[in-house]
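J.: Quick one: structure below, then a few questions.
The values are calculated or read from the model by the stated rules, or taken from the named source; none is laboratory data. Given the structure is predicted, the values throughout are model-derived calculations rather than measurements. Please note: Cβ atoms are built from the backbone with ideal geometry, for glycine as well, and neighbour counts cover all protein chains shown.
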Amino acid sequence: MRITVNGVTTNVDVEDEMPLLWVLRDELKVKGPKYGCGIAQCGACTVHVDGLAVRSCSITAKQVEGRDVTTIEGIGSPDALHAVQEAWIEHQVAQCGYCQSGQIMSAASFLSMHPSPSDDQIDHAMSANLCRCGTYPRIREAIKTAAAKMREA
Amino acid sequence: MVNVGKIARRSFLVGSVAVAGGVAFGYYAVQKPHKNPLLASLADGEATFNPWVKISSKGITLITPHADLGQGAYSMQAALIAEELDLEFGQFDIEPGVPAAAYYNTALGAELAPFRSTDESFQAETMRTVFSSVTKLMGAQGTGGSSSVPDSFEKLRIAGAVARETLKKAASKRTGIDVSDLTTRQAAVVLPDGTMLTYAELAADAAKIKPVKNVELRDPSEWRLVGKEMQRLDIIPKSTGTLTYGIDLDFEGMLYAAVKVNPRQGGELNGYDASTAETMRGVQKILPVTNGVAVIANNTWRAFKAVDAITYDWGDAPYPAEQADHWKAVEASFTDDFLDNEWRADGDVDAAIDGNSIEAEYRAPYVAHQPLEPIGAVIKVTDDRLDIWVGHQMPRFVQQQIAAITGHDVKDIHLHNQYMGGSFGHRLEFENVKLAAEIGNQMRGEIIKLTFSREEDFAHDFPRQIAMARGRGAVSGGQVEAYDLGVAAVSSSDSQGARANLSRPGPDGQLAAGAWNLPYAVPNFRMRTYKVPELAPTSSWRSVGASSNGFFADCFLDELIHAAGADPMAERIRLCDHDVSRKVLEAVAEMSGWGTDLGENRGRGVAFVESFGVPIAEVIEVTNTENGIRIDKVFVAADVGTVVDPINFDNHVKGGVVWGLGHAMNCEITYADGMAEQSNFHAHEGMRLHQCPEIVVRGLENAEKVRGIGEPPVPPAAPALANAIFAATGQRIREMPFNKHIQFV
Ligand code: FES
Ligand code: FES
């Protein structure tokens, strides 16, 4: 099966129903997306499929065949940060950081559709991502900063 | 000012040794004769050296032995060394170091002493020294109990100062310039003409001279890093998905393991049928482990699937199978037979209450830890060496637990501590490392990564203690006159201690923590604890005893204050007999505009709890909406003596409030048929972003001693919320989780 991740297409020999998360982590060694719950409850595994945020634990390899998968590694890197990552660093959002790949991927997809989000829209969009460390106040602030950066860019 | 002489009396010597191409500074301990065996640190003639700073021509490495669970401990430790050593962030690497007795936690033991942390009497200080010596004796290098900052604050700055002065001495020898004319800046010794000799080029010389021990720590007014906003060392990797957690490790040829152990914790496995699992794709081996089965496969998901495809015949739980029976056992423990201690008996409560008793009963359930990164470990066992890569708070205990399984000598067990995706107390336990050792031992030579599925992690999370409180009290003349609180709980310390082969002398302080040490001079004040015989196994959960006791103790006081017709804030301040605590209450009153009118359907509650030596007060504002209670705002004032990093402090306090509120709102673990009924986050959710209030934080610095902030924000959150709900609705909630009684938006 051919899967395209961060612009690179690879042949993977996996069961159709293997969740994308485990194709990424264990077959392609892309470790940015995290395993948190496996049942679409926490958002730690969030990636973009054709630009939209999805829970990679709950979408199968077969379902992403021929589509574009982007992980946190694909939106920016320490040397070339995405605006959302910049904002996350400025606000020092992370504590343990384990949820933050997913938070950033949810935020990036959300902001691409809502460049000037209201507080309610932010709350609504980000409530599917759990943070056990409780970084929610900083996530809200960082999203506003990121939105401003993306509007300026 | 502190100099090394004072520290040396606690057998804490900073020395130096030559290392390849340079010098290392650190803790150098030699056995010193001492009459009191508790105070002897090492066996006869034994000497150890463990570095905090290594400098070679290749660069500077700081060793940060406190584990990073997500709390920023690595950055904090590095900043303390860098402060005195005149390093900037970016000029050094960090390493977690190896497990070693020399890194014993000087602060952990002090918390075990049965004295109010506000008590600085000779007796209290002596007992703290004794308990600290016990942890030293055990070489208890540990991270927990909000102790990383108190443990590190002085000794790491000293390590930095000794290194700095020794490097200056080396520079003086080389240049002939007097040490007093030398300064340091940016990892270099600066000569009077501005020439900079880098530490790297001085390292080899510094290794040849005796370290300078007569150093003085800088005055706080000179601090460049401590107390200033810092960028955490891990913030960029954590914001770009590039930080490697234990679960992310990958090695050539690595295999993937999943386990299923009897969900009736401690129950046996009578038998299993793996015939389907054996035929599944990618499955390489199916192995028995204690009370369960492990599947080794070539992908985590395949291992998860196969272990689920096995059918199991589980034995009974060694504790009551049904939750109702757990509660019955707690209810039945308020008797003299189970009395663990009377912690406080001021005045005469029985006489003061005499027939006019105000009474209430409170409950706190089992709650799971469930950090977002599930537990696991990577292991490789060979006949003469064992390597384990895992994030753990008690590395030396991990070695002992493994040694008991594989028979390796502790010195051949190499633990590589990893960045952790949270802990909250979960990574003080050993289930993952024991199972990894059993698997690795049966597959010597292979490198294997064990990952717990979320469901397996929930099933084997040793939850927070189940607890109840019964309060009696009396009021008169608008004041609280008598306060009598009895707490009955299982001892998570005993449960946890038994698994680590530790026993603790005397009554269990965590049964009383957060309740007996209220700084209130109620004329008649009694606090007793009753130890419930072990039910389901339990463990330390962020803020431990205070997580349930804070709710009981403060809410019951709030009930009495309302019964007296007094103002909740004014009466707490009036009763407060501890200056630093009173200032905390006054600060939160001022921050929250206490006393101003909030309007219709709204209410405000205050709670104060002291835990881990930190007095902390929270005011919560709620609105009673058509769809349930909305938490609008939280104000927090806490005194930690010195705020080392204001940003991390702020983030931690907010996180602690979210943790405390979320679990109080909607989390519990209940047992049915001997198994936890909650298997994943849909059933044990905590707070989500849309429920998160605005949180305003203020750190006060009136206290003498520096304290950690990881746990203290948790205990006041639940009572402040319950008190606010009462103010808004008139409904008094006496049981967590609150959503059994009221709805939240
Ligand atoms: S792991 Fe996919 S949502 Fe939790
Ligand atoms: S930062 Fe730890 S779970 Fe979000």
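J.: A:Asp119 fails exactly one of the following numbered conditions: (1) within 13 Å of the chain's Cα centre (by Cα); (2) away from ligand 2 (no atom under 16 Å from the Cβ); (3) of a type in the set (D, E, K, R). What is the number of that condition?
T.: Only one criterion is unmet by A:Asp119, namely (1).
J.: Just one of A:Lys34, A:Lys29 is of a type in the set (Lys, Arg), assigned by TED's automatic domain parsing to the domain that holds A:Val69 and within 16 Å of ligand 2 (Cβ to nearest atom); which is it?
T.: A:Lys34
J.: Checking the conditions here, which among B:Thr166, B:Thr126 is modelled with pLDDT under 85 and hydroxyl-bearing (Ser, Thr, Tyr)?
T.: Every option except B:Thr126 fails the conditions.
J.: I'd like to check something: does the stretch A:68-90 contain any residue that is part of a loop (DSSP other than H, G, I, E, B) and more than 21 Å from B:Thr244 (Cβ to Cβ)?
T.: no
J.: Hey, A:Ser101 hits all of (1) at the interface with chain B (Cβ under 9 Å from one of its Cβ atoms); (2) more than 12 Å from ligand 2 (Cβ to nearest atom); (3) touching a residue at least 12 places away in the same chain (Cβ under 8 Å) but one; which does it fall short on?
T.: Exception for A:Ser101: condition (2).
J.: Okay, moving on. Identify, by number, the condition in (1) closer than 20 Å to A:Glu73 by Cβ; (2) near ligand 1 (Cβ under 10 Å from one of its atoms) that A:Gly38 doesn't meet.
T.: (1)
J.: A further question follows. Identify the residue in the stretch B:393-417 that is in a loop (DSSP other than H, G, I, E, B) and at pLDDT below 95 and, among all such residues, is farthest from the chain's Cα centre (by Cα).
T.: B:Met394
J.: When the stretch B:666-707 is examined, which residues are found to be more than 14 Å from chain A (Cβ to nearest Cβ) and either among the small types (Gly, Ala, Ser) or closer than 26 Å to B:Phe458 by Cα (or both)?
T.: Of everything in the stretch B:666-707, those that are more than 14 Å from chain A (Cβ to nearest Cβ) and either among the small types (Gly, Ala, Ser) or closer than 26 Å to B:Phe458 by Cα (or both) turn out to be B:Glu668, B:Ile669, B:Thr670, B:Tyr671, B:Ala672, B:Asp673, B:Gly674, B:Met675, B:Ala676, B:Glu677, B:Gly699, B:Ala703.
J.: Which condition breaks for A:Arg140 when tested against (1) away from ligand 2 (no atom under 16 Å from the Cβ); (2) surrounded by fewer than 21 Cβ atoms within 10 Å (Cβ to Cβ); (3) farther than 20 Å from A:Lys34 by Cβ?
T.: So the condition that A:Arg140 fails would be (1).
J.: So, one more: Pairs, please: C-beta under 9 Å, at least 6 apart or cross-chain, first residue away from chain A (no Cβ under 14 Å) and in the stretch B:211-237, second loosely packed, with under 15 Cβ neighbours inside 10 Å and of a type in the set (A, V, I, L, M)?
T.: Pairs found: B:Val212/B:Val179; B:Lys213/B:Ala8; B:Glu216/B:Met1; B:Glu216/B:Val2; B:Leu217/B:Met1; B:Leu217/B:Val2; B:Arg218/B:Met1; B:Asp219/B:Met1.
J.: What is the number of the single condition among (1) more than 23 Å from B:Val378 (Cβ to Cβ); (2) out of contact with any Phe, Trp or Tyr (no Cβ under 9 Å at 6 or more places or on another chain) that B:Gln265 does not meet?
T.: The single condition B:Gln265 does not satisfy is (2).
J.: Being of a type in the set (Lys, Arg), within 14 Å of chain A (Cβ to nearest Cβ), in a loop (DSSP other than H, G, I, E, B) and out of contact with any helix residue (DSSP H, G or I) (no Cβ under 7 Å at 6 or more places or on another chain), is that true of even one residue in the stretch B:252-269?
T.: The answer is no; no qualifying residue exists.
J.: Suppose we filter B:Val658, B:Val644 for residues that are at pLDDT below 95, surrounded by 24 or more Cβ atoms within 10 Å (Cβ to Cβ) and not in a strand (DSSP E or B); which single one remains?
T.: Going through B:Val658, B:Val644 in turn, just one is at pLDDT below 95, surrounded by 24 or more Cβ atoms within 10 Å (Cβ to Cβ) and not in a strand (DSSP E or B): B:Val644.
J.: Same structure, new question: Checking A:Ser127 against (1) in contact with a strand residue (DSSP E or B) (Cβ under 9 Å, 6 or more places away or on another chain); (2) at the interface with chain B (Cβ under 7 Å from one of its Cβ atoms); (3) not hydrophobic (A, V, I, L, M, F, W, C): exactly one of these is not met. Which one?
T.: For A:Ser127, the exception is condition (1).
J.: Restricting attention to the stretch A:66-85, does a residue exist that is more than 9 Å from chain B (Cβ to nearest Cβ) and at pLDDT below 95?
T.: Among the residues of the stretch A:66-85, at least one is more than 9 Å from chain B (Cβ to nearest Cβ) and at pLDDT below 95, which makes the answer yes.
This table checks each residue for (1) farther than 30 Å from B:Cys555 by Cβ; (2) within 14 Å of another protein chain (Cβ to nearest Cβ); (3) in contact with a Phe, Trp or Tyr (Cβ under 7 Å, 6 or more places away or on another chain).
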position	(1), (2), (3)
B:Asp346	no, no, yes
B:Asp350	no, no, no
B:Asn356	no, no, no
B:Pro374	yes, yes, yes
B:Arg385	yes, no, no
B:Gln393	yes, yes, no
B:Val398	yes, no, yes
B:Gln401	yes, no, yes
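J.: Test B:Glu222 against the criterion of being surrounded by fewer than 22 Cβ atoms within 10 Å (Cβ to Cβ) and at pLDDT 95 or above, and give yes or no.
T.: It is false that B:Glu222 is surrounded by fewer than 22 Cβ atoms within 10 Å (Cβ to Cβ) and at pLDDT 95 or above.
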